[in-house]
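Read the figures in this text as sums done on the coordinates, not as results from a lab. Here the structure is a predicted model, which is why all the values come from computation and not from measurement. All Cβ positions, even for glycine, are placed from backbone atoms using ideal geometry, and neighbour counts span all protein chains on display.
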Amino acid sequence: MDKKNFSPESLMMTYGYKPELSEGAVKPPVFQTSTFVFQTAEEGKAFFELAYGIRGKEKNEELGLIYSRINNPNLEILENRLSLWDKADDCAVFESGMSAISTVLLEFVKPGDLLLVGLPVYGGTDHFVHHFLPEIGVEVMGFHSDHSFEDVVEMVEKSGKSDRLAMVYVETPANPTNQIIDIEMCRKVTEHFATKEHRAKVAVDNTYMGPIWSQPLSLGADIVIYSATKYIGGHSDLIAGAVLGNNEVIKRVKTLRTFLGNMPSPHTCWLLLRSLETLKIRMEQQMRNAKAVAEFLNSHPKVEKVYYLGLLEPGDEKYAIYKKQYTSPGAMISFDVKGGEKEAFTFLNSLKLFKLAVSLGSTEGLAQHPATMTHAGVDALSKLELGITDKLVRLSIGIENVDDIIWDVSQALEKIKVREGEAIPA
């Protein structure tokens, strides 16, 4: 089958799998095995030479099956199919989103290096870059979506480590505020400080948009990262992560993964293969629902502000970046209730259809309070600067009937009471 003749959503059913190698099974079975048999000792030697990077591949040579910590049919089929969406050379899948993130950072950022991080990021990422990495000698510098190219260049120059810039890491749209950062600008920063021998990598956490609504590699990113638990998995029944890029990047990532041992199980890979078949239709329905919910919230008297890309209009500062980087406004909504933690908790505790839980991108609607939940570990001043306040609520919109979703949001907002003798504070 020539993949050039088919779109990714069609190839999710068949690509990378040969039924004749599995008794004709129309879907890949779970290859629940730890090890694989070599036909000859010479074959085993050749497989290990490739796996350990002792030599490069010969023409048309592929890495054979050795041991499920290195490769497994379910893992390989999954990585092949995920690569299609992002038009990547290769993909490495992990047992969690954080293991994907930490492996990338450990591989490409070394003691003495400078890591430039777009803020905000997911709470786990924030903790890793601001607490763990400095302990091993990595200098971390944050920038915000309102910083220009010139601002960022000046920051790096003032750090005195412009020659040690190793990576620009961004999560865009950002969790939980939907702030967007210009990926092409990040690439321009790395090129500004590049030498003949080295250019810093641009890594983009694309979890909020999944591989359907944005392809960061085409915008200048070197590395794309996903919490595959979210939209890619999409059913709240697995934990996984993924990293995509060119062959050189993924070879390094996979080599470190082999020795850290943080690849997913065959069963997790099988579940992800199942989920990929419906990824596009799930995400498109979630997006349609989110648009309607955002419009409802935007006109509600008990909502102070809504953070949703679909509400950006021509003339807004970030509109041009939004249209350049994304084909959809997504299905993640954050909003400020009028009030504070008490009013936000009243809303959350009153929901009937939404589940009060962290994570996102699943078929069911999920609601949470970032300041005290996913981003609880971010220091108080940083949360305030980034807009992660006590009044902020985050919604992950599911595939339920949109009228039911809006009814649930509406009745929960109605439970927020005006304080006696005063209006709800802004």
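Taking +1 at the Cβ of each Lys and Arg and -1 at the Cβ of each Asp and Glu, which of ALA200, ILE232, ALA376 sits farthest along the dipole of the chain towards its positive end, judged by Cα position relative to the Cα centre?
ILE232
When the Debye formula is applied to the Cα atoms of the chain, each taken as the same point scatterer, what base-10 log of I(q)/I(0) results at q = 0.07, 0.12 Å⁻¹?
Log10 I(q)/I(0), no solvent term: -0.36, -1.01.
What does the helix-only formula give at 222 nm for the chain: each DSSP H stretch with n ≥ 4 adding -39500 (n - 2.57), the total divided by the residues, and the result rounded to the nearest 500 deg cm²/dmol?
Only helices count here, giving -10500 deg cm²/dmol.
Which pairs break 27 Å Cα to Cα here: LYS318/LYS338; LYS201/LYS391; LYS318/LYS391; LYS45/LYS87; LYS355/LYS391; LYS27/LYS230?
Among LYS318/LYS338; LYS201/LYS391; LYS318/LYS391; LYS45/LYS87; LYS355/LYS391; LYS27/LYS230, the Cα-Cα distance tops 27 Å for LYS201/LYS391; LYS45/LYS87.
Tell me, what is the percent relative contact order of the chain, built from C-alpha pairs under 8 Å that lie six or more residues apart?
That works out to 16 percent.
Around VAL378, with a cut-off of 15 angstrom between Cβ atoms, what is the net charge of the other residues, counting Lys and Arg +1 and Asp and Glu -1?
Around VAL378, the charge tally is -3.
Please report ARG257, ARG164 as a ranked list, fewest other C-beta atoms within 10 angstrom at the top and most at the bottom.
The most exposed by this proxy come first: ARG164, ARG257.
Listing TRP407, TRP270 from the residue with the fewest other Cβ atoms within 10 Å to the one with the most, what is the order?
Going from sparsest to densest Cβ surroundings: TRP407, TRP270.
Quick one: pull the percentage of alpha-carbon pairs in the stretch 56-158 with a separation above 23 Å.
48 percent
May I ask you to sort THR346, THR172 by Cβ crowding, counting other Cβ atoms within 10 Å and putting the fewest first?
THR346, THR172
Using every pair of alpha-carbon atoms in the stretch 159-234, split the distances into 5 Å bins beginning at 0 and state the percent of pairs per bin, rounded to integers.
For the stretch 159-234, the pair-distance distribution reads 3, 16, 25, 22, 15, 10, 6, 2, 0.
Treating only the Cβ atoms of Lys and Arg (+1) and Asp and Glu (-1) as charged, compute the dipole magnitude of the chain about its Cα centre; round to the nearest 20 debye.
440 debye
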